[in-house]
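Presented below is the structure to which this report refers.
The values are calculated or read from the model by the stated rules, or taken from the named source; none is laboratory data. Since we're looking at a predicted model, the values are computed, not measured. Backbone-built Cβ (ideal geometry, glycine too); neighbour counts: all protein chains shown.
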Amino acid sequence: MHLDLQNEVVLISGSTGGIGTALCEAFLEEDAIVVPLYRNPEKYEILHQRLLSKGFRDDRIFAQNVDLGSNLSIDSMVRNVKKRFGKIDVLVNNAGASFERPFLLLEEKDWQKGIDVNLNNTARLLRSVLKLMFIARKGAVVNISSLLSHRYGRGVTVYAASKAAVDRLTQALALEVGLKGIRINAVCPGVIDTHMAEPLMERYGDKIKQHSALGRIGQPEEVAKAVLFLSSGKAASFITGHLLTIDGGQGI
Amino acid sequence: MNKKEVIEKVIEIIAESTGLETEIIRPDSTLFNELPINSIDLVDILYSLEMEYDISLKLSDLEKQSREAMEGKPFEIDNVVTDEGLKVLAEKMPEIPAERLIKGLTVTDIVKLFTVESLTKLVLYKLESSEAEG
């Protein structure tokens, strides 16, 4: 099935991480126009060189350095994208961060940072991007949540709580904007082979694999494929407010 | 930009956002009571006006001018508009019938009194502010 994502303008936050990189590649393979959002120019340069080395055309990539903690920075980026392409078809809210610490050792600033990065920044970006989608009466959003939003979570309470909030944001917002032609879904990856999962794998790698129905952890590309599907107005036209777990059975 | 042009554009955008015929959208129509507009439609309308005029519109802008005119007196206490606040609202928003500016009005409910003309005035106020800043 063709996903009909050619020439769709796709914003991807957290583009330089493991899943972000896979997302950029997956959308470029579909001949979409990818707008990787990044904060660290050095990390973006690594991503950029990787994309070029894989043969992707530079004119299909319109990277933007954005501070997701700033409305001004986000609005400026959205203006740049609007000026260049006149539209935003897909937003993938992929930026996020996790760190492990027992709840009772968390300081107020740690908690606030977790909520800011995983929830508030997602909401901030949505508020700005949805404007263009409202006007276009068309759009798809995929929020990258986590298996931890509804399972496990010992030692990562703020991450689990903020991702649970992202799930509910996804569903409640889907109800608000559906009549405007905008679909909002989330994917909930289990343990995926990225830098973020390295500390977890070092300590519990074998246990996690044993606990998975498929006997392994996931690859970033496997998350990206699900995001492509949900982003496609052709393939997922009647799917909104859905939380799709991608965990190889780790959460069963 | 004159008021007539802006009001025509506001009516056009409301019609586009809601599917209503332009003929039934009058300057004195309240958005939420007399026109079948819901809060999501209002978001849509505000977005469209932002794009059209390259301004930023927030719901809190609705009563901002009145708050600014309070000269230090409280505009609201616990979300309920004070008597002084009601007076200033009546001055700043004469398009709203006096019988609707009653004691007990909450800040949250001010938006429900908003008319097409109120929205037009808000756009003009923002345009003037942005010109002054520019």
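Determine whether region A:124-132 contains at least one residue that is free of Cβ contacts under 8 Å to residues at least 40 places away in the same chain and small (Gly, Ala, Ser).
Taking every residue of region A:124-132 in turn, none turns out to be free of Cβ contacts under 8 Å to residues at least 40 places away in the same chain and small (Gly, Ala, Ser).
Kindly indicate which of A:LEU91, A:LEU125, A:LEU132, A:LEU147 is of a type outside the set (Ser, Thr, Tyr) and within 14 Å of chain B (Cβ to nearest Cβ).
Being of a type outside the set (Ser, Thr, Tyr) and within 14 Å of chain B (Cβ to nearest Cβ) holds for just one of A:LEU91, A:LEU125, A:LEU132, A:LEU147, which is A:LEU132.
Can you tell me which residues in region B:36-62 are of a type outside the set (Asp, Glu), more than 20 Å from A:ASN71 (Cβ to Cβ), over 14 Å from the mean Cα position of the chain (by Cα) and more than 9 Å from chain A (Cβ to nearest Cβ)?
Of everything in region B:36-62, those that are of a type outside the set (Asp, Glu), more than 20 Å from A:ASN71 (Cβ to Cβ), over 14 Å from the mean Cα position of the chain (by Cα) and more than 9 Å from chain A (Cβ to nearest Cβ) turn out to be B:PRO36, B:ASN38.
Please state which of the following conditions A:ALA32 fails to meet, knowing it meets all the rest: (1) buried (at least 16 other Cβ atoms within 10 Å of the Cβ); (2) in contact with a helix residue (DSSP H, G or I) (Cβ under 7 Å, 6 or more places away or on another chain).
(2)
Going by what's in this entry, would A:GLN112 be described as modelled with pLDDT of 95 or more and within 18 Å of A:ILE239 (Cα to Cα)?
No; evaluated as a whole, the condition is false for this residue.
Show me the helices (runs of 4 or more DSSP H) found entirely inside region A:141-252 where at least 1 residues are buried (at least 21 other Cβ atoms within 10 Å of the Cβ) and not hydrophobic (A, V, I, L, M, F, W, C).
Result: A:157-177, A:220-231.
In region A:95-112, which residues are in a helix (DSSP H, G or I) and in contact (Cβ under 8 Å) with a residue 12 or more places away in the chain?
Scanning region A:95-112 gives A:PHE103, A:ASP110, A:TRP111.
Among the listed residues A:ARG216, A:ARG183, A:ARG203, which satisfies the condition of being basic (Lys, Arg) and within 20 Å of A:ILE12 (Cβ to Cβ)?
After applying the criteria, what remains is A:ARG183.
Filter region A:153-179 for residues that are within 16 Å of A:LYS113 (Cα to Cα) and of a type in the set (S, T, N, Q); which is nearest to the other protein chains (Cβ to nearest Cβ)?
A:SER162
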